[in-house]
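Visitor: Pasting in a structure now, in structure tokens, and then I'll have a few things to ask.
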Amino acid sequence: MGTVVALTGQVGGAKLVDGLYRLRGKDLAAIVNTGDDYEHLTLRFSPDIDTLLYVLSGMASPAAPWEPAGESHALYATLKQFGGPQELTLGDKSLAAPLLRTAWLAADRRLTAITLDFCRQLGITARVLPMTDDAVRTYVLTEDGEVSFQEYFTTLACEPVVKGFHYAGAEDAMLTPEVSDALDSADLEAVILCPANPYHTIRPILEVPGMRELLRKRKAPVIAVTPIVGGRALRGSAAKIMSELRHEASARRVALEYLRLIDGFVIDAEDAAGAEDVRASGIEVLVANTVMRTLEDRTALARAVLAFAQTIRERRLQEA
């Protein structure tokens, strides 16, 4: 068995990475979206990174994986008493990583080094890698102008009609040595695009200069897993955004977003009737249970995705 790289973000992505981690441990690298990072009360928040750290370390709340279990909100309640922000209520435990991250960034440490240090402290043997150490921020284009994704998601509750996206800073960002090494690995077995919003989670990763080229030149299969099941997103605003961008809210449309980048696409059994439409685009398709309600579901989907990649790789060898 070789190494596996996952491009990930959001809760759905963290669940699949958790399944992969249970199968591959230290042979897994997760490249995480940082386009949704933001600053609040002078602190640097990296929601996708922290969600993945909570999930992989076993700290995550079962009901709200984006925060540690047993969360409390005493600090923010007190801040409000002093006239602090009324929205964006964050838990006390959820402030630990941002506090340390902010202090260490101010001491000129790289975001990647800080994140890998968090992994070591939490006993995570997989490599959790920010997509870049540079600042890339996703902005949502609406009828009323451009807003940060954080404002769109929290303050505006995803209500404005989405006209497009702007990935500020992406053109000047650089791949880290750790990301390049993971994708250049001689024993790379598969690259997996996890089930997450293709526009504000996976796309920012792909916008880092050199990322698409690394994926295209690799010999390992690239497999994407749909975040859309039965025309809806299990969590988040992906289906709403697709409709507002005048796209059908379907697994097929997600596959087309990754056209000429992926070799295989995993759709849910509920959408099995649309498999041939995806295959018509030249993408191989696996029909599986993509809804991960239990730990067993996560592992089963991860195992199915890896087996799918193995099948594609073996077919390539036979054709060669």
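Every read-out reported here was derived from the displayed coordinates using simple, explicitly stated rules and does not represent laboratory data. From a predicted model like this one, the values you see are computed outputs, not experimental measurements. In this analysis, Cβ positions are derived from the backbone assuming ideal geometry, glycine residues included, and neighbour counts consider all displayed protein chains.
Visitor: In Å and on Cα atoms, what radius of gyration and Dmax does the chain show?
Guide: 19.1, 69
Visitor: Which lysines, on any chain, are close to LYS80 with Cα under 24 Å apart, when same-chain ones fewer than 8 places away are left out?
Guide: List returned: LYS93.
Visitor: A follow-up question, please. Along region 212-220, what does the Karplus equation 6.51 cos²θ - 1.76 cosθ + 1.60 (θ = phi - 60°) give for ³J(HN,Hα), rounded to whole Hz, x for Gly and Pro?
Guide: With the stated coefficients, region 212-220 comes to 4, 5, 4, 5, 6, 8, 5, 8, 6 Hz.
Visitor: Another question, then. Say we join alpha carbon atoms closer than 10 Å with springs in a Gaussian network model of the chain; which of GLU39, GLU159, GLU87 then has the biggest fluctuation?
Guide: Comparing GLU39, GLU159, GLU87 in the GNM, the peak value goes to GLU87.
Visitor: Starting from the Cα of LYS163, draw a straight line to each of the lysines and keep only those under 30 Å, dropping any in the same chain fewer than 8 residues away.
Guide: Straight-distance partners of LYS163: LYS15, LYS240.
Visitor: How big is region 121-170 on each of its three principal axes, counting only the C-alpha atoms and giving the largest first in Å?
Guide: Result for region 121-170: principal-axis Cα extents of 45, 23, 12 Å.
Visitor: If you plug each phi of region 177-185 into the Karplus form 6.51 cos²θ - 1.76 cosθ + 1.60 with θ = phi - 60°, what whole-Hz ³J(HN,Hα) values come out, in order, with x for Gly and Pro?
Guide: With coefficients 6.51, -1.76 and 1.60, one gets x, 5, 5, 4, 5, 5, 7, 8, 4 Hz.
Visitor: Enumerate by residue number the trypsin sites (Lys or Arg not before Pro) in region 182-265 meeting two conditions: DSSP loop (anything except H, G, I, E, B), and at most 10 other Cβ atoms within 10 Å of the site's Cβ.
Guide: Answer in residue order: LYS219, ARG246, ARG260.
Visitor: Would you grab the residues whose amide H sits under 5 Å from the one on HIS73? Only those 5+ places off in sequence or on another chain, please, with H modelled 1.01 Å from N.
Guide: It is ASP92, by chain and number.
Visitor: For region 204-320, compute the orientation-averaged projected area of the C-alpha convex hull (one quarter of its surface), in nm².
Guide: 8.0 nm²
Visitor: Moving to a separate point now. Put +1 on the Cβ of every Lys and Arg and -1 on every Asp and Glu Cβ in region 92-157; which of GLN121, THR102, THR132 then has its Cα farthest towards the positive end of the dipole?
Guide: GLN121
Visitor: Now, a different point. In sequence order, what are the phi-derived ³J(HN,Hα) couplings for region 240-247 according to the Karplus relation 6.51 cos²θ - 1.76 cosθ + 1.60 with θ = phi - 60°, rounded to whole Hz, with x for glycine and proline?
Guide: 4, 5, 4, 5, 6, 8, 6, 10
Visitor: Further question on the same structure: Considering only DSSP beta bridges with both partners in the chain, what is the antiparallel share in %, to the nearest 5?
Guide: The answer is about 40 percent antiparallel.
Visitor: Now, a different point. Taking Rh as the Kirkwood radius, which is the inverse of the mean 1/r over Cα pairs, what is the Rg/Rh value for region 152-224?
Guide: 1.05
Visitor: Let me ask something else. Rg(Cα) of region 1-113 divided by 2.2 N^0.38 Å?
Guide: 1.16
Visitor: Stretched out fully, how many nm does the piece from MET174 to ALA135 gain, at 0.36 nm a residue minus the Cα gap?
Guide: Net length gain for the segment: 13.1 nm.
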